[in-house]
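Just below is one structure, and these are the notes that go with it.
Please treat every number below as a calculation from the coordinates, not as lab data. This one's a predicted model, so the numbers in the text were calculated from it and none came from an experiment. Here the Cβ positions follow ideal geometry from the backbone for every residue, glycine too, while neighbour counts run over all protein chains shown.
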Amino acid sequence: MHGRSFGSGISPVSGPAVLAVLLVAVVLLGAGCLAYVYGEPSGSDPASAETTATLSRTDGSDIAGGQALGDTDTTGAESPEDVEAKVLQADVFIWDTTSAGIGAVRAIQHAREQYPVGSIVIAAPGGIIAAMPAQGLSVEDTYVEWGDTHTSGFWEEFRADVLEFYSSVGVSGLNHQGRLVVEPEVAERFLRGYLAATPSDQPEVRFLSGHLREVKVTEDGYVLELAAGDDGQGATTTVKASLAIDASVEGDLARLAGARYRFGMSENIYGGGEGYPPLPDGDVPDTWIQRVSALLTLGLSGKPQEHVSAAELAPYLASYPDELRIGAEWAEAFEDSWTMQHKLPGNKRELNEMWSDYLEDIGLPHRYIFGYDKDVAIRQELREEVLTYTVQQVKFLQEHGYPDLEITHLPERLYIREGIRVVGLTTYTGEDVEEGVVYHPVALGKYSQYDVHLPVQNDHSPREISVPMETLISRDLPSLLIPGPLSTDHRAYNSAVRMEPVRANVGGACGVLAAIALAEGKKPAAVPYSRVKEELLRQEYRLSK
């Protein structure tokens, strides 16, 4: 947020003032504090030391730097059981608190002076922050060239806030490649704070905890039903919204609304009354979908107070080693692995290896995505299955050369690298990526040309991408914006498009598009690109190299 100014809108935060953002969150999220203890000077290797700073925590306790928080902090999220009005009116409804969902909220807030929006409802199961930096994806997925990170907009706001915090406690938030590295607890506090710290002159933001059970498309927009409870059988709340934004990777809202989509390596079209894609078949690559992971955060600090407790881990280890799927060769190579090379603050690591992907059931991602339509509890059940698999891998490492390795954080969400891809007004293709096509760009990024966790040939040559505005608008539902399941083919999706810096800013572009459409009484497809570009540039989004 350095140097950012939006007229008389949201003021930039710089220097020690970044902690004020968190003090606002304290008022809205509850009292208490979360102490982070570090001590190597800023600019050094991001490891733990002695300087102490405080972040807000809602349970009233103080803990040492980076310790797992235990139960998910859902403060600020209202359950349908607690909402007095059983029908809520909103200008915009956003499904899921991914980087794209929170990016959409921030862009609408920043645009409020030019394009005022009255109210936003954002909802997610369990009231968690689903953005992957809060769920263990701790190393920034971007290529840094000559100091150029290709970041801007909402992602740069988040990045700057995190770096400012780490600098204030004497720690570098950058790794040896210049990528942001962030502990899940730190990421979660900032991302949740963006939803909570809403001054009175901004759009009202209501954050609901619940499962999406029904979506009806009307002449006036959408009628959406949210249900409480782990099984989605609890009290319900109805939201009536003029526009909807599906920020989920799984495309839940779009599917329930009847939008057509593509899935996996195939470019066949499903949904819209045409049925679900076939279950993945190991002999038919067109049916394959990327593997999922539970991104554990590992610690090497030797501080027991930072570890996930033995009692919490016990259910995942009850069958050890029966469900173990890791060989001695991986343990021998672990010292030079991605996980070990990319240090996080507090001498932690992001467990993100090909062998730590869930390899036991090629059909699990399909069941995770589409099973939700009939049984919302299935995602938590599958999370437990994948966590068991992954925790046992860490246990094996502990017994084979890494006795000091500990688990410091368990994700509340699995890492779904690829969900559905809704059919938009246009489709961004792998050929467009390879040829450097630029048309109505709303988000810029740079990463591998083709990066998948599948037994196929990857292409890790650096490639810049420019996401077209028209990929964010559903072809079937003109009032539905799709930053989560945006319209690409399989190869384009698995470039920089699916990486968090781009996901976040695609969400921001949808927020801008929604704000302009609502202010001018238009459908998103009728909003001229020039207006969207002007507002994105005003909010310091970078749209070209």
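Points to keep in mind about this one:
- Exposure proxy order (Cβ contacts within 10 Å, fewest to most) of T151, T97: T151, T97
- Using every pair of separate Cα atoms, the Kirkwood estimate puts the hydrodynamic radius of the stretch 297-409 at 15.1 angstrom.
- Listed cross-link partners K216/K522; K216/K374; K240/K522; K303/K446; K446/K533; K522/K545 are compared with a 28 Å cut-off, the Cα-Cα value being larger for K303/K446; K522/K545.
- Cα pair distances in the stretch 86-243, grouped into 5 Å bins until the bin that holds the longest one, percent each: 2, 8, 16, 18, 17, 14, 11, 7, 4, 2, 0
- Gain on full extension, evaluated as 0.36 nm per residue between E534 and A311 minus their Cα-Cα distance, stands at 74.9 nm.
- Peptide ranges 221-229, 246-254, 153-161, 332-340 listed from the most packed, as the mean C-beta count within 10 angstrom indicates: 246-254, 153-161, 221-229, 332-340
- Alpha-carbon centroid distance for the pair the stretch 240-306 / the stretch 501-527, whole angstrom: 23 Å
- On full extension, the segment bounded by E145 and Q380 gains 80.7 nm, given 0.36 nm per residue less the C-alpha separation.
- Both radii are taken from the alpha-carbon atoms of the chain; with Rh as the Kirkwood radius, Rg/Rh is 0.93.
- Rounded to whole Å, the principal axis extents of the Cα atoms in the stretch 395-518 read 56, 33, 22, largest first.
- Here the contact order of the chain, divided by its residue count and restricted to Cα pairs under 8 Å and six or more residues apart, works out to 20 percent.
- 5 Å-binned pair-distance histogram of the stretch 405-453 (Cα, whole percent): 4, 11, 18, 21, 17, 10, 8, 6, 5, 1
- For the stretch 91-181, the relative contact order comes to 28 percent (Cα pairs under 8 Å, sequence separation of at least 6).
- Average Cα contact separation per residue, the stretch 297-409, under 8 Å, 6 or more apart, as relative contact order %: 49 percent
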